[in-house]
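**Student:** Below is the structure I would like to discuss, written out as structure tokens.
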Amino acid sequence: MFKTILAAAPVLALAGCIHAGHHEHHMHEMHGGEAGGMMMHAPVEGPSHTAPEPAKANATILGEGGVEIGHARFEQGPTGVLIRMEIGAGGLTPGWHGLHLHEIGDCSDVGAYKLSGGHHGKEEGAHGLMNPDLGPEPGDLPNAWAAADGSVGYEAFTLLTELAPALDADGLSIIVHASEDDHRSQPIGGAGARVACGVIQRADG
């Protein structure tokens, strides 16, 4: 029967051979030692994994003219960051808008929002969630949809970054673009001008 298992399921047979070898070794230790005592083996530890530091953050979203149009919150989970953003009626033009995390927490140049710098974790040629070569970048996010009245209800989960290390001395910001991101072309997926900006600030508790 054992030979039949070997022929029919080589992967299972391999596991069986390993188990059988261990069993024989174990039996040898049981019966070959003094007084036939049982030898206990310490379990083999797997690779260590350091959990991300728990962190929460908030951002006030500024639109045209620096007017507050919404807010966003960020929470670090075991494997990534949960993002929820809400923008009120009239905040954006209806339709799809590109959304990215940017490397500097600065939205003070109202309207242009260039002081937020480039994408968080920018790498030449790597932009895009659907980039088949080098991407995606840590700052890449799914697009946001603005309803007919310009309001947005958005939730996304990113596996590409950790919140606490990203909130370094330069800070971090979230940028909304005028058009949708195609998630492939360089350097920003054709998303166009920066139309809204929020400085991401670590929250207490």
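The values are calculated or read from the model by the stated rules, or taken from the named source; none is laboratory data. None of the values given here were measured: they were computed from a predicted structure. All Cβ positions, glycine included, derive from the backbone under ideal geometry; neighbour counts span all protein chains shown. Please note that ligands, DNA and RNA were not included when accessible areas were found on the heavy atoms of the full protein model with its side chains. Shrake-Rupley method; radii C 1.70, N 1.55, O 1.52, S 1.80 Å.
**Student:** Of the heavy-atom accessible surface of the range 115-205 (probe 1.4 angstrom), what whole percent is carbon and sulfur?
**Tutor:** 54 percent
**Student:** Can you compute the FRET efficiency between ASP109 and ALA148 using 1/(1 + (r/R0)^6), with r the Cβ-Cβ distance and R0 = 22 Å? Round to the nearest 0.05. Don't skip to the answer; put the middle values down first.
**Tutor:** Working: r = 30 Å, r/R0 = 1.36.
Computed FRET efficiency for ASP109 and ALA148: 0.15.
**Student:** Per 0.36 nm of contour for each residue apart, how much would the distance between GLU68 and SER185 grow if the chain were fully extended, relative to their Cα-Cα spacing? Numbers along the way, then the final one.
**Tutor:** Values: separation 117, 0.36 × 117 = 42.12 nm, distance 3.05 nm.
So the extension gain works out to 39.1 nm.
**Student:** Would you kindly state how much longer the chain becomes between GLN201 and ALA51 on full extension, computed as 0.36 nm times their sequence separation minus their alpha carbon distance, in nm to one decimal? Mind showing how you got there, number by number?
**Tutor:** On the way: separation 150, 0.36 × 150 = 54.00 nm, distance 2.14 nm.
That pair, GLN201 and ALA51, stretches by 51.9 nm at full extension.
**Student:** If you don't mind, another one. May I ask for the distance between the Cα centers of the range 145-205 and the range 60-135, given as a whole number of Å?
**Tutor:** 2 Å
**Student:** So how exposed is LYS122, as accessible area in Å² (1.4 Å probe, rounded to 10)?
**Tutor:** Ignoring ligands and nucleic acids, LYS122 comes out at about 90 Å².
**Student:** Using 0.36 nm times the number of residues separating LEU159 and ASP133, minus their current alpha carbon distance, what extension gain do you get? Write out the running numbers ahead of the final one.
**Tutor:** Working: separation 26, 0.36 × 26 = 9.36 nm, distance 1.80 nm.
Gain on extension, LEU159 to ASP133, equals 7.6 nm.
**Student:** Accessible area per residue of the range 97-204 at 1.4 Å probe, in Å²?
**Tutor:** Working: 4810 Å² over 108 residues.
Heavy-atom accessible area per residue stands at 45 Å².
**Student:** Rg/Rh for the range 82-173: what does it come to with C-alpha atoms and Rh from Kirkwood? Write down the numbers at each step before the final one.
**Tutor:** On the way: Rg = 13.9 Å, Rh = 14.2 Å.
Rg/Rh for the range 82-173 comes to 0.98.
**Student:** Using a 1.4 Å probe and counting only protein heavy atoms, arrange MET130, MET85 so the residue with the most accessible area comes first. Mind dumping the intermediate values first?
**Tutor:** On the way: MET130 105, MET85 0 Å².
Descending accessible area places them as MET130, MET85.
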